[in-house]
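J.: Got a structure here, written out as C-alpha cells. Questions coming.
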Amino acid sequence: MAKVAFCTLGCKVNQYDSQAMLERLRDDGYESVAFSDFADVYVVNTCTVTGTGDKKSRQMIRRAHKQNPQAAIVVTGCLAQREAEKLLLPGVRLVLGTQRRGEIAELLRRALAGREPLIAVEKLAARTPFEKLTVRGSDGHTRATLKIQEGCRNFCAYCIIPSVRGPLRSRPLDEIRAETERLAQAGYREIVVTGIHLTSYGLDLDGSATLADALECIHCVDGVERIRMGSLEPTVVTDEFIARLRAMPKICRHFMLALQSGSDTVLARMGRKYDTAQYLQAVEKIRAAWPDAAFQTDVMTGFPGETDEEFAQTKAFLKRVGYARIHVFPYSEREGTRAAVMPGSVPKAVREARAGELIALGREMEREYIARFVGRTEQVLFEQPCEGGAEGYTREYVRVVAAGAPGALENVRITEACGDFARGEIIREENGAAIR
C-alpha cells in the first residue's frame with residue numbers, strides 16, 4: 001500500500017483542508033504516516049501570511065525531497081495559490097491552490113501519469129463557489145475542526161489572504177448540520193468552528209443566516225458537548241450576539257478576539273474596522289456575561305510607521321485587557337498589499353525586539369490567568385496521554401494534566417499552576433460522596 005504524509009502550516013482552516021485531502025487519499029488506497037517517515041507521497045499545505053510562512057513552506061518541500069528523492073510531492077494552500085510556478089522544486093509533481101482540494105486523488109493520478117508536473121491552480125473570482133470539502137474526523141484528537149466559511153473581503157493593508165483565499169463564501173446551514181452530525185456520530189465531543197473570516201459568516205447569503213445561526217445549528221446536534229469558536233473581530237460582539245450565545249451552554253468561554261494593535265493610529269493605518277474603544281466594549285460585554293472568560297488574540301509589531309509611543313500604547317492596552325494567551329508576530333511585507341509600499345518602514349531588528357517584549361508579557365499574563373483556577377473544579381476534556389496521566393483542556397482552554405484517559409470528560413479539581421499548564425485531580429461521585 002502506498003504511503004502518504006502531510007505537513008500542514010498555518011491556521012486551523014489549513015488543518016481542516018489537510019484532513020479533508022487526507023481522507024480522500026485514504027479512500028483512494030493510501031496509508032497515512034508521519035511526515036518524518038518514509039512516504040511515497042508528501043503533501044505540504046503551505047502558508048503565506050508572513051515571510052516566515054513562505055520560508056517554512058519551502059523548507060518542508062525540500063525536506064520531503066531529501067527524505068525520499070523518489071517521492072511525489074504535492075504542494076497546496078495559500079503560497080501555492082500565490083506562487084505556483086516558483087514552487088516547482090525538485091520532487092514536486094502536483095501544485096494545488098486553495099481550490100480543487102477535493103479532487104486531490106484524481107489530480108495526483110494524472111500528475112503521476114504525466115511527464116511534467118501538473119499545476120492545477122484556479123484563478124479566484126467573485127463567483128468562485130464554496131468548495132464542498134467534508135471531513136469525518138480529526139486524527140488523534142477528541143475535538144474536530146469544522147470549516148463553515150471561506151475567503152475575506154476586508155482587504156486590511158497588510159494582508160495578502162483575500163487575494164489567495166478569494167471572495168467571501170459561507171457554507172449552507174444544512175451542510176454544517178450534516179457534518180456536525182457525522183462528527184458527533186464518530187465520537188467527537190468538541191467542535192472547533194473555523195473560517196478565514198468567521199465574523200463575516202452569512203454576509204453573502206442575503207441575510208438568510210448569521211454566525212449565531214450557524215452556532216445554533218451545531219449546538220442542537222446530540223453528542224456535541226462543546227463548541228469552540230475560531231478568531232472573531234469585536235464588531236460581531238453585539239448585545240444580540242451575546243444573548244444568543246448565552247442561550248447555548250455548549251459554547252466555550254474562550255474568545256479569540258483579533259486585535260493586531262492596541263494603538264488607534266496604527267489600527268487606522270492597517271485599515272481595521274474598529275478602534276480600541278470598540279474593542280474594549282466588546283471585551284466588557286463578554287466579561288459581563290462570563291466573568292472568567294479567556295481572551296486570546298494576535299498582535300503585530302513593527303507595522304509601517306509604528307513609533308515607540310504607538311508600541312507603548314499597544315503594550316499598555318494588552319495589560320488593560322488581561323489576556324489568557326497572545327500570539328505575537330513581527331510585521332512582514334507582503335508584495336501586492338498597501339502596507340508593502342507605505343512609508344516609515346520599521347527596522348526588522350526593532351520589529352523583533354518589540355515582539356520579544358510582548359511575548360514575554362503574554363507568558364506572564366498566561367501564568368496569571370491559569371493561577372486563578374487553583375482550587376476550582378473544572379470540566380476537562382482529555383485529549384492525549386502524557387507523563388502523569390493525560391492532558392486536556394477546560395472550556396477556557398486551560399491545559400490541565402491529571403490521571404485521566406484520552407477521550408474522557410471529567411471534573412477536575414485544579415491543585416497547582418505550573419506556568420503554561422495546570423495540574424489537578426479527578427473528582428467523581430459515588431453514592432453521593434466525592435472520590436478523588
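The values are calculated or read from the model by the stated rules, or taken from the named source; none is laboratory data. On a predicted model such as this, the values are computed, not experimentally measured, just so you know. For neighbour counting, all protein chains shown are included, and Cβ atoms are generated from backbone atoms with ideal geometry for every residue, glycine included. Heads up: the accessible areas ignore ligands, DNA and RNA and are worked out on the full protein's heavy atoms, side chains in. Shrake-Rupley method; radii C 1.70, N 1.55, O 1.52, S 1.80 Å.
J.: In whole Å, what are the Cα extents of segment 1-153 along the three principal axes, biggest one first?
T.: On the principal axes, segment 1-153 reaches 40, 36, 30 Å in Cα extent.
J.: Near Lys315, which lysines are there with a Cα under 21 Å away, not counting those fewer than 8 places off in the same chain?
T.: Lys273, Lys348
J.: Can I ask one more? Tabulate in residue order the Karplus-calculated ³J(HN,Hα) for segment 387-395, using 6.51 cos²θ - 1.76 cosθ + 1.60 with θ = phi - 60°, rounded to whole Hz; enter x for Gly and Pro.
T.: Whole-Hz 3J(HN,Hα) from phi for segment 387-395: 4, x, x, 8, 10, x, 10, 7, 4.
J.: Please pull out the direction-averaged projected area of segment 313-436, using the convex hull of its alpha-carbon atoms, in nm² to one decimal place.
T.: 10.8 nm²
J.: What number comes out for accessible area per residue over the chain if the probe is 1.4 Å? Units Å², please.
T.: In whole numbers, the chain has 43 Å² accessible per residue.
J.: A further question on this structure: Would you mind calculating the gained length between Glu240 and Phe38 on full extension (0.36 nm times residue separation, minus the Cα-Cα distance), in nm to one decimal?
T.: The span from Glu240 to Phe38 would gain 67.5 nm if fully extended.
J.: Can you run the Rg to Rh ratio on the chain? Use alpha carbon positions and the Kirkwood inverse-distance Rh.
T.: 0.96
J.: Once you have the Cα-Cα distance between Ala2 and Lys273, take 0.36 nm times their residue separation minus that, and quote the gain in nm to one decimal.
T.: Fully extending the segment from Ala2 to Lys273 adds 92.7 nm.
J.: Give me the net charge of Tyr323's neighbourhood, meaning all other residues with Cβ under 15 Å from the Cβ of Tyr323; Lys, Arg count +1, Asp, Glu -1.
T.: So the environment of Tyr323 carries a net charge of 0.
J.: Top mean-square fluctuation among Leu198, Leu146, Leu245, Gaussian network model of the chain, C-alpha springs under 10 Å?
T.: Result: Leu245 has the largest fluctuation of those listed.
J.: When the scattering of segment 40-89 is computed by the Debye formula from its Cα atoms alone, each counted once and equally, what is log10 I(q)/I(0) at q = 0.18 Å⁻¹?
T.: Here log10 of I(q) over I(0) equals -0.48.
J.: Under a 10 Å cutoff between Cα atoms, tell me which one of Val75, Val341, Val193 has the largest fluctuation in the Gaussian network model of the chain.
T.: Checking each option, the largest mean-square fluctuation is seen for Val341.
J.: Are there cysteines in the chain with no second cysteine's Cβ under 4.7 Å away, and if so, which?
T.: Here Cys7, Cys11, Cys47, Cys78, Cys152, Cys217, Cys220, Cys252, Cys386, Cys418 come out as lacking a disulfide-compatible partner, given the Cβ-Cβ threshold of under 4.7 Å.
J.: If amide hydrogens are placed 1.01 Å from N in the peptide plane, which non-local residues have theirs closer than 5 Å to the one on Leu118?
T.: Leu94, Val95
J.: Write down, largest first, the equivalent ellipsoid semi-axes of segment 82-170 in whole Å, where each equals the square root of 5 times an eigenvalue of the alpha-carbon gyration tensor.
T.: 25, 20, 13
J.: What's the long-distance tail for segment 122-198, i.e. % of Cα pairs beyond 19 Å?
T.: 43 percent
J.: Give the residue list of chymotrypsin sites (Phe, Trp or Tyr not before Pro) in segment 117-175 that are DSSP loop and have at most 15 other beta-carbon atoms within 10 angstrom.
T.: Values: sites: Phe130, Phe155, Tyr158; in loops: Phe130, Phe155, Tyr158.
Listed in order of number, the matching sites are Phe155.
J.: Here's a follow-up. Restricting things to Cα coordinates, could you compute the convex hull volume per residue of segment 14-77 in Å³?
T.: Dividing the Cα hull volume of segment 14-77 by its residues yields 77 Å³.
J.: If R₀ is 30 angstrom, what is the calculated FRET efficiency for the pair Ala316 and Phe421, using the beta carbon separation as r and rounding to 0.05?
T.: The formula returns an efficiency of 0.60 here.
J.: Explain nothing, just the number: dipole magnitude of the chain about its Cα centre with +1 on each Lys and Arg Cβ and -1 on each Asp and Glu Cβ, in debye rounded to the nearest 20. Write down the numbers at each step before the final one.
T.: Working: 61 positive and 58 negative charges, 162 e Å.
Value, rounded to 20: 780 debye.
J.: Still on this structure, I have one more. Using just the alpha carbons, could you tell me how many Å³ per residue the convex hull of segment 195-347 encloses?
T.: 128 Å³
J.: Same structure, new question: For segment 188-293, which whole-number percentage of the solvent-accessible area (1.4 Å probe, protein heavy atoms only) is attributable to carbon and sulfur atoms?
T.: Its accessible area is 49 percent carbon and sulfur atoms.
J.: Right, next: Give, in nm to one decimal, the length gained when the segment between Leu112 and Leu409 is fully stretched (0.36 nm per residue of separation minus the Cα-Cα distance).
T.: Here the segment from Leu112 to Leu409 would lengthen by 102.4 nm.
J.: Principal axis extents for segment 284-343, Cα atoms only, whole Å, descending order, please.
T.: Cα extents, longest axis first: 42, 25, 17 Å.
J.: Percent of accessible area on segment 382-433 owned by carbon and sulfur, 1.4 Å probe?
T.: Looking at segment 382-433 in its full context, I get 38 percent from C and S.
J.: Per the 1.4 Å probe, what fraction of the accessible area of segment 1-135, in percent, lies on carbon and sulfur atoms?
T.: The nonpolar share, carbon plus sulfur, comes to 49 percent.
J.: Another question, if that's okay. Just Arg269, Arg109, Arg169 to compare: in a GNM of the chain, with alpha carbon springs under 10 Å, which one fluctuates most?
T.: Result: Arg109 has the largest fluctuation of those listed.
J.: Net charge within 10 Å of Leu108 by Cβ-Cβ distance, Lys/Arg positive one each and Asp/Glu negative one each, not counting Leu108 itself?
T.: +1
J.: Using heavy-atom solvent-accessible surface (probe 1.4 Å) with all chains present, what is the largest-first order of Asp213, Asp27?
T.: Most to least solvent-accessible, the answer reads Asp27, Asp213.
J.: Here is a further query. Within 14 Å, Cβ to Cβ, of Gly91, how many net charges do the neighbouring residues add up to if Lys/Arg are +1 and Asp/Glu are -1?
T.: +3
J.: Another question, then. Can you compute the charge dipole magnitude of segment 265-329 about its Cα centre, using +1 on each Lys and Arg Cβ and -1 on each Asp and Glu Cβ, nothing else charged? Give it in debye, rounded to the nearest 20.
T.: Values: 9 positive and 8 negative charges, 46 e Å.
Charge dipole, segment 265-329, about its Cα centre: 220 debye, nearest 20.
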